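Enquirer: Submitted below is the structure of interest, expressed as structure tokens.
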Amino acid sequence: GPLVHVVGARPNFVKAAPVVAALRAAGLPQHVVHTGQHYDERMSQVFFRELGLPEPDVDLGVGSGSHGRQTAALLTALEDELPARSPALVIVYGDVNSTLAAALTAARLGVPVAHVEAGLRSFDRSMPEEINRLLTDRLSDLLFATSPDAVAHLAAEGVPADRIHLVGNPMIDTLTEHLPRFDPAAVRAAYRLPDRYAVVTLHRPANVDSARAAAEAVRALREAAAVVELVIPLHPRGRAALAAAGLDRVPGVTLLEPLGYVEFMGLLRGAAAVVTDSGGVQEETTVLGVECLTLRPNTERPVTLTHGTNRLVTPGTLAPALRKALKGGRAAPEPPPLWDGRAGARIARVIAGWLEDRGHG
Ligand code: UD1
Ligand code: UDP
């Protein structure tokens, strides 16, 4: 049977693109199943177009809902879809609900699972993603890690060493491949942005879901906007709560729709600093050498602190940290080992060997 990639949310698409490309180059048959967790043109289709991902073979149209409802819809749809494709291996990405649902469905069907971006841990179980990471890794047969800390977490949890492969970071493959297209001047012109700005992305439930959290975030952003102009391509999740908390009326803030990948990365590349609660953005700023302030009490990506420009901030420390970051003077360290644009090829090599060992193809 084919390799079946299951993707559903924006960060999945950015991570899957280089893996799909490398497996295609290796001549292995593969299908792409889109769960439909993300469905807006700007949260989904734009990535397929820009990143050369093949059109999904199917879109399950699962859509939004509470964790229970969304997960139930994912499990129901995948339980019908996956057996029909007789996968040799199901490949899942990152830590979204689609990731866990696909791993769980495959495991129950007796289909082996490969997890790309395994072993990351925030040790904060109030994050839905931490639960997804723990359970997905538990169910996986092949675990592809982006950094040595992830390998250590998996080993400490008892995952046999021969299942774990340190391959680097496929999200950085995508960045490396498309870097020449990231054009800050073009993005500034398209959205009439100032020359000097900080980019903000916020979508974590802890920062935007409750009225109280949103009010605290807006207060912090108001202080930050007094330091430097802010450009905020807003995730749909934060839109209502942050607007209700008055973000639309903060001086020095430009609110944008979510951007396509190439424009977003152009915006990041030209930024004086970045404020975020995104996982991927912590990694991308690490490689671009852009100062990154992460509005979270923890990160599952500690190499961005040790090998990058990232630091953790609270709503109270954001503005002073931003002032300091803008003064610069901090030399960007070397990017983490193996974040070199070749993670997809390494993953493809491991999967090809794994298939051969099992007498496939
Ligand atoms: C999901 C992931 C999160 C990841 C983020 C990346 C889970 C538990 N969370 O969070 O880890 O960082 O994706 O972007 O899987 N919505 C739209 N249009 C869309 C998609 C969503 O308007 O195309 C709105 C809906 O109101 C929806 C809300 O955003 O209820 C949340 O969407 P959902 O996919 O449940 O979680 P995210 O917050 O996007
Ligand atoms: N991204 C984008 N446009 C945006 C915001 C993000 O193209 O407006 C890209 C960017 O590459 C980022 C990825 O989408 O790393 C995933 O971002 P998100 O913050 O949604 O997910 P997370 O990494 O937090 O799970």
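Enquirer: Tally the residues that are polar (S, T, N, Q) and touching a His at 6+ places or on another chain (Cβ under 7 Å), restricting the search to region 116-139.
Expert: Result for region 116-139: 1.
Enquirer: OK, next. Being acidic (Asp, Glu) and more than 12 Å from ligand 2 (Cβ to nearest atom) is the filter here; which residues of region 1-43 pass it?
Expert: Answer for region 1-43, where residues must be acidic (Asp, Glu) and more than 12 Å from ligand 2 (Cβ to nearest atom): just Glu41.
Enquirer: Turning to a different aspect of this structure: Could you check region 1-23 and list, in sequence order, the residues that are of a type outside the set (D, E, K, R) and within 16 Å of ligand 1 (Cβ to nearest atom)?
Expert: Within region 1-23, the subset of a type outside the set (D, E, K, R) is 1-9, 11-14, 16-23.
The answer is Val6, Val7, Gly8, Ala9, Pro11, Asn12, Phe13, Val14, Ala16, Ala17.
Enquirer: Pull out all pairs, ordered by first then second residue, where Cβ-Cβ is under 6 Å, the residues are six or more apart or on different chains, the first lies in region 31-52 and is within 9 Å of Arg10 (Cα to Cα), and the second is within 10 Å of ligand 1 (Cβ to nearest atom) and among the basic types (Lys, Arg).
Expert: The qualifying pairs are His38/Arg10; Met43/Arg10.
Enquirer: For region 109-133, name all the residues that are touching a residue at least 12 places away in the same chain (Cβ under 8 Å) and over 15 Å from the mean Cα position of the chain (by Cα).
Expert: Hits for region 109-133 are Leu109, Val111, Pro112, Val113, Ala114, Phe123, Asp124, Ser126, Ile131.
Enquirer: Is it fair to say Asp173 is surrounded by fewer than 16 Cβ atoms within 10 Å (Cβ to Cβ) and among the charged types (D, E, K, R)?
Expert: So Asp173 fails the test.
Enquirer: May I ask you to list the residues in region 72-130 that are within 12 Å of ligand 1 (Cβ to nearest atom), surrounded by fewer than 19 Cβ atoms within 10 Å (Cβ to Cβ) and of a type in the set (A, V, I, L, M, F, W, C)?
Expert: Across region 72-130, the qualifying residue is only Met127.
Enquirer: Now a separate question. Is there any pair with a first residue in region 332-361 that is closer than 14 Å to Ala26 by Cβ and a second that is surrounded by fewer than 20 Cβ atoms within 10 Å (Cβ to Cβ) and of a type in the set (A, V, I, L, M, F, W, C) whose Cβ atoms are under 6 Å apart and which are 6 or more apart or on different chains, and what are they?
Expert: Ala348/Ala26; Ala352/Ala26; Gly361/Leu355
Enquirer: Kindly list the number of the only condition in (1) more than 16 Å from the chain's Cα centre (by Cα); (2) outside any strand (DSSP E or B) that fails for Val287.
Expert: (1) is the only condition that Val287 fails.
Enquirer: Would you point out which residue out of Thr276, Thr294, Thr299 is closer than 17 Å to Ala206 by Cβ, modelled with pLDDT of 95 or more and surrounded by fewer than 21 Cβ atoms within 10 Å (Cβ to Cβ)?
Expert: Exactly one residue qualifies, and that residue is Thr299.
Enquirer: Do you know which residues across region 243-287 are farther than 25 Å from Glu216 by Cβ, in contact with an Asp or Glu (Cβ under 7 Å, 6 or more places away or on another chain) and more than 16 Å from ligand 1 (Cβ to nearest atom)?
Expert: Matches in region 243-287: Val262, Gly266.
Enquirer: Let me ask another. So Asp277 ticks every box in (1) closer than 18 Å to Arg192 by Cβ; (2) touching a His at 6+ places or on another chain (Cβ under 8 Å) but one. Which box is left unticked?
Expert: It is condition (1) that Asp277 fails.
Enquirer: Across region 230-253, what is the total count of residues that are within 14 Å of ligand 2 (Cβ to nearest atom) and farther than 16 Å from Thr276 by Cβ?
Expert: Residues that pass the stated criteria total 2.
Enquirer: Hey, does region 135-154 have a residue that's among the small types (Gly, Ala, Ser), within 12 Å of ligand 1 (Cβ to nearest atom) and outside any loop (DSSP other than H, G, I, E, B)? Break it down into steps so the answer makes sense when it comes.
Expert: Taking region 135-154 and keeping what is among the small types (Gly, Ala, Ser), we get 140, 145, 147, 150, 152.
If we keep only those that are within 12 Å of ligand 1 (Cβ to nearest atom) too, we end up with none.
No, the conditions are met nowhere in region 135-154.
Enquirer: If you don't mind, there's one more thing I want to ask. Within region 324-344, track down each residue that is surrounded by 15 or more Cβ atoms within 10 Å (Cβ to Cβ), over 20 Å from Ser140 (Cα atoms) and out of contact with any strand residue (DSSP E or B) (no Cβ under 8 Å at 6 or more places or on another chain).
Expert: Let us first name the residues in region 324-344 that are surrounded by 15 or more Cβ atoms within 10 Å (Cβ to Cβ), namely 324-325, 332, 335-336, 338-344.
Restricting the remaining residues to those that are over 20 Å from Ser140 (Cα atoms) gives 324-325, 332, 335-336, 338-342.
Matches in region 324-344: Lys324, Ala332, Pro335, Pro336, Trp339, Asp340, Gly341, Arg342.
The values are calculated or read from the model by the stated rules, or taken from the named source; none is laboratory data. Note that the structure is predicted; figures quoted are calculated from it, not measured. Positions of Cβ are generated from backbone atoms using ideal geometry, with glycine treated the same way; all protein chains shown enter the neighbour counts.
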